[in-house]
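The block underneath contains the structure these notes are about, expressed in structure tokens.
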Amino acid sequence: MALTGCSWLVLSAAFLSVGAEISITPEPAQPAEGDNVTLTVHGLLGEPLAYNWYAGPTLNVIYLVASYIVSTGDETPGPAHTGREAVRPDGGLDIWGILPRHSGTYILQTLNRQLQTEVGYGYLQVYEILAQPVVMANDTALVERRDTLRLMCSSPSPAEVRWFFNGEALPIAVRLGQSPDGRVLTRHGVRREEAGAYQCEVWNPVSVSRSEPINLTVYFGPERVAILQDSTTRTGCTIKLDFNMSLTLWCVSQSCPEPEYVWAFNGRALKNGRDHLNISSMTAAQEGTYTCIVKNPKTLLSGSASVVVKLSAAAVAMTIVPVPTKPKEGQDVTLTVQGYPKDLLVYAWYRGPASEPNRLLSQLPSGNWIAGPAHTGREVGFANCSLLVQKLNLTDAGRYTLKTVTLQGKTETLEVELQVAPLE
């Protein structure tokens with residue numbers, strides 16, 4: 001019995017189908033676009049006379065790809081033929097350079113010598129070679145707990161999506177903000193630990209492609225503002241410093257970006273915009289409260305910390321030491337002053353109690369000294385408050401008094417007993 005493609009199409013509707021277990025599988029099983037694929041047929045019975053291949057859900061002529069006559073090898077293209085298909089003598093269907101649009105249901109209809117038809121179904125999924133996706137963000141610089149982060153993975157392919165954070169799989173806490181299709185990531189009240197590099201990846205069984213990273217900055221702080229001295233936190237403490245010693249205070253905080261700094265002394269702003277403050281040559285004039293104020297230019301939040309700096313007790317204790325300690329008649333002696341105030345305004349020496357008739361000499365703010373009523377012409381004053389008495393005689397022995405006045409008006413009086421040994 002000879003068949004033509006047209007007569008086979010017409011007659012096939014009148015023949016009865018027999019129960020059969022025809023199956024269709026693609027080779028390769030997971031083809032990528034551009035591959036050559038064969039739809040292989042399994043379970044054919046008897047000697048088939050002809051094949052019809054359909055690319056669609058039903059045996060409708062509009063889905064007909066091709067008809068094939070086994071005895072002659074004649075193949076007739078149908079309406080659904082794309083120019084890439086060819087029927088094999090064993091009933092299989094070759095498709096060259098397959099495209100994603102070739103995905104779908106395929107049906108094979110056969111006719112045997114008993115004029116019975118068999119039908120087999122198969123499904124072909126063609127996977128795209130995926131282009132690189134792009135991550136788009138509503139903003140890449142956000143304020144912690146105030147702003148919302150929205151990331152979208154843009155890709156023309158309907159592939160699966162997964163997200164990466166700093167090269168690792170996205171943390172579960174952030175992953176909870178994904179849309180059902182996984183392509184949009186939303187995080188309300190973004191946190192500082194979520195700052196970093198985000199990437200999305202699209203994938204299917206034959207292809208995977210990851211986006212370039214997009215870097216997210218999260219602004220926060222300032223928090224935990226503190227003042228350090230030699231890496232030790234001193235916030236709220238009193239720092240005692242020896243006289244004439246130096247001190248560096250460091251202001252630290254947790255902040256992104258680096259905050260702006262303002263230092264204040266006893267409530268008065270200082271001209272210092274750095275993260276540290278140097279106090280050199282400590283004096284009583286520098287005693288007080290030092291405050292560091294930090295402000296974040298992005299979050300517009302601020303914070304502060306303070307310390308109190310004072311002279312140590314040892315630093316303010318003046319002493320007078322005669323040099324030599326036991327001078328003899330005719331020698332010179334210097335009443336050497338140790339620990340004198342560096343913020344000194346004036347001082348005066350007295351022969352006996354601190355009263356005007358007993359004044360030997362005074363030093364003025366200019367650095368010059370002037371003689372007093374008790375000056376004998378043998379006394380000389382120095383900038384460090386020391387007193388030189390030249391060519392001692394026995395009547396020079398006795399009490400000497402030093403009186404100092406600081407720039408802040410602080411007055412201190414100190415006495416020393418001078419002994420003069422007679423010549424042998």
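The values are calculated or read from the model by the stated rules, or taken from the named source; none is laboratory data. Since the structure is predicted, the reported quantities are computational estimates derived from the model, not experimental observations. When we count neighbours, we look across all protein chains shown, and the Cβ atoms used for this are built from the backbone with ideal geometry, even at glycine. Surface areas here come from the heavy atoms of the whole protein model, side chains and all, with no ligands, DNA or RNA. Shrake-Rupley method; radii C 1.70, N 1.55, O 1.52, S 1.80 Å.
The figures follow:
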{"quantity": "Loop-resident sites, segment 58-140, for trypsin sites (Lys or Arg not before Pro), counting at most 13 other Cβ within 10 Å (DSSP)", "calculated": "Arg113"}
{"quantity": "Candidate residues Cys292, Cys237: accessible-area rank, largest first, probe 1.4 Å", "calculated": "Cys237, Cys292"}
{"quantity": "Cα gyration tensor, the chain - rounded (a/c under 1.5), prolate or oblate", "calculated": "prolate"}
{"quantity": "Relative contact order of segment 23-124, defined on C-alpha pairs under 8 angstrom at six or more residues apart (%)", "calculated": "32"}
{"quantity": "Estimated [θ] at 222 nm from DSSP helical runs (n ≥ 4, -39500 (n - 2.57)) normalised by residues in the chain, nearest 500", "calculated": "-500 deg cm²/dmol"}
{"quantity": "Å² per residue, accessible surface of the chain at 1.4 Å", "calculated": "51"}
{"quantity": "Dipole-positive endmost among Ile62, Gln114, Thr411 within the chain (Cβ charges, Cα centre)", "calculated": "Thr411"}
{"quantity": "Leu423 accessible area, 1.4 Å probe, all protein chains in place, Å² to nearest 10", "calculated": "120"}
{"quantity": "Cα-based Lys proximity count in the chain, under 25 Å, for pairs eight or more positions apart or on separate chains", "calculated": "17"}
{"quantity": "Carbon plus sulfur fraction of accessible area for the chain, probe 1.4 Å, in percent", "calculated": "53"}
{"quantity": "At R0 = 35 Å, FRET efficiency that the Cβ-Cβ distance of Ser366 and Ser312 yields, to 0.05", "calculated": "0.70"}
{"quantity": "Using a Förster distance of 35 Å, the FRET efficiency for Gln132-Asn36 (Cβ separation, nearest 0.05)", "calculated": "0.85"}
{"quantity": "Listed residues Lys410, Lys326 arranged by accessible area, highest first, probe 1.4 Å", "calculated": "Lys326, Lys410"}
{"quantity": "4 °C / 1.567 mPa s Stokes-Einstein diffusion coefficient of segment 319-418, Kirkwood radius on C-alpha pairs, µm²/s", "calculated": "96"}
{"quantity": "Cβ-Cβ FRET estimate between Thr235 and Ile214, R0 fixed at 51 Å, reported to 0.05", "calculated": "0.85"}
{"quantity": "For the chain, built as a Gaussian network whose Cα springs stay under 10 Å, the top-fluctuating residue of Val225, Val262, Val380", "calculated": "Val380"}
{"quantity": "Accessible surface of Asp74 - all protein chains present, 1.4 Å probe, nearest 10 Å²", "calculated": "90"}
{"quantity": "Estimated dipole of segment 319-418 in Debye, rounded to 20 [Cβ of Lys and Arg +1, of Asp and Glu -1, Cα centre]", "calculated": "40"}
{"quantity": "In Å, descending, principal axis extents of the Cα set of segment 196-297", "calculated": "79, 24, 20"}
{"quantity": "Of Trp163, Trp250, Trp349, the one that fluctuates the most in a GNM where the chain has Cα springs shorter than 10 Å", "calculated": "Trp349"}
{"quantity": "Asp343 - accessible surface, heavy atoms, 1.4 Å probe, Å² rounded to 10", "calculated": "10"}
{"quantity": "Euclidean distance between Cα centres, segment 87-157 to segment 58-85, Å", "calculated": "23"}
